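**Q** Take this structure, written in structure tokens, and hold onto it; I'll ask about it next.
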Amino acid sequence: MIIVLFGAPGVGKGTQAEILAKTLGMFHLSTGDAFRTAIKNQTEIGMVAKSYVDGGHLVPDDVTAKIVEEAMKTHGVSNGCILDGFPRTRIQAEALDAILSGMDMAVTHVVNLTVDYDTITQRLLARGRADDTEQVINNRLQVYENETAPLIEFYKNRGVLRDVHGLGTVEEVSARILSAVQ
Ligand code: AMP
């Protein structure tokens, strides 16, 4: 199974991806975490990514696809993979198809976590990560609307999209996600 956890920033993708990956024994790949690690370690990719991440803008698609391809090839995805924060653009979705088809695999489920924007903004401000200031949050929500939300239609047309209500306790939401992928 290749599961994409999809939704706006602050919707709870990271928390839920971690739980789901543990429950199903799958590899959890978060591009946000990968970029934060690369920035901390000052790798080549980290140097490129820093200004985008700091400003709440998307890291260029080719750089992002490369980090995903390397991680998938290093860890292997034959036991399944939970993608968290990727893809975020149409070009990334197509790059993902190309990477997976090279491994004879395909996206099997896209879980679309839905939470209203007021709740999301409150959650992000409370989280207090470096890119969680009000200005940067607004940029990230705008980027989500313009670049990422159109992928809902893309995956709906393929019949792999599942909407999951993202409000409730962590346990309630993870139970909903689990039943959406089983
Ligand atoms: P996240 O942890 O998913 O909220 O991502 C934090 C930041 O990392 C984003 O605001 C982007 O700057 C960058 N990032 C994460 N995933 C992607 C992606 N798929 N494409 C481009 N940039 C990304």
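Readers should treat all values here as calculations from the given coordinates under stated rules, not as data from a laboratory. Since the structure is predicted, the reported quantities are computational estimates derived from the model, not experimental observations. Positions of Cβ are generated from backbone atoms using ideal geometry, with glycine treated the same way; all protein chains shown enter the neighbour counts.
**Q** Return, ordered by residue number, the residues of region 1-42 whose backbone nitrogen is under 19 Å from a label point located 7 Å along Cα→Cβ of Arg90.
**A** Within reach of a label on Arg90, which here means backbone N under 19 Å from a point 7 Å along Cα→Cβ, region 1-42 contributes 7.
**Q** I'd like the per residue volume of the convex hull spanned by the Cα atoms of the chain, given in cubic angstrom.
**A** Hull volume normalised by residue count: 110 Å³.
**Q** Follow-up question, since we're still on this one. Place a +1 charge on the Cβ of each Lys and Arg in region 26-133 and a -1 charge on the Cβ of each Asp and Glu, then give the dipole magnitude about the Cα centre in debye, rounded to the nearest 20. Intermediate values should be presented prior to the final figure.
**A** Working: 10 positive and 15 negative charges, 59 e Å.
Taking the Cα centre of region 26-133 as origin, the dipole is about 280 debye.
**Q** So what is the relative contact order for region 1-83, in percent, with contacts set as C-alpha pairs under 8 Å and at least six apart?
**A** Working: 77 pairs, mean separation 39.3, N = 83.
Result for region 1-83 is 47 percent.
**Q** Given the DSSP H assignment, sum -39500 (n - 2.57) over each helix run of at least 4 residues in the chain and divide by its residue total; what's the result at 222 nm in deg cm²/dmol, nearest 500?
**A** -16500 deg cm²/dmol
**Q** For the cross-link pairs Lys50/Lys73; Lys22/Lys66; Lys22/Lys73, which exceed 22 Å when the distance is taken from alpha carbon to alpha carbon? Walk me through the intermediate numbers first.
**A** Details: Lys50/Lys73 24 Å; Lys22/Lys66 25 Å; Lys22/Lys73 20 Å.
Pairs exceeding the cut-off: Lys50/Lys73; Lys22/Lys66.
**Q** Compare Thr133, Thr23, Thr121 in a GNM of the chain, Cα atoms joined below 10 Å, and give the one with the largest fluctuation.
**A** Taking springs between Cα atoms under 10 Å, the residue moving most is Thr23.
**Q** Obtain the radius of gyration and the Kirkwood radius of region 103-182 from its C-alpha atoms and give Rg over Rh. Provide the component values of the computation, followed by the final result.
**A** Values: Rg = 14.8 Å, Rh = 14.4 Å.
So for region 103-182, dividing Rg by the Kirkwood Rh gives 1.02.
**Q** Can I ask one more? What does the charge dipole of the chain about its Cα centre add up to, to the nearest 20 debye, if the Cβ of each Lys and Arg holds +1 and the Cβ of each Asp and Glu holds -1?
**A** For the chain, the charge dipole is close to 260 debye.
**Q** Could you tell me the relative contact order of the chain? Use alpha-carbon pairs under 8 Å, at least six residues apart, and round to a whole percent.
**A** Across the chain, relative contact order equals 34 percent.
**Q** I need two numbers for region 11-79: Rg to one decimal and Dmax as a whole number, Cα atoms only, in Å.
**A** Over region 11-79's Cα set, Rg and Dmax evaluate to 12.9, 35 Å.
**Q** Going 7 Å from the Cα of Leu178 toward and past its Cβ, which residues in region 10-33 have a backbone nitrogen under 19 Å from where you end up?
**A** 12-28
**Q** Roughly how many debye, to the nearest 20, is the charge dipole of region 79-174 about its Cα centre, given +1 on each Lys and Arg Cβ, -1 on each Asp and Glu Cβ, and no other charges?
**A** 120
**Q** Considering the dipole of region 28-182 built from charges on the beta carbon (Lys and Arg +1, Asp and Glu -1) around the Cα centre, which of Thr119, Ser179, Leu96 is farthest to its positive end?
**A** Sorting the options by dipole projection puts first Ser179.
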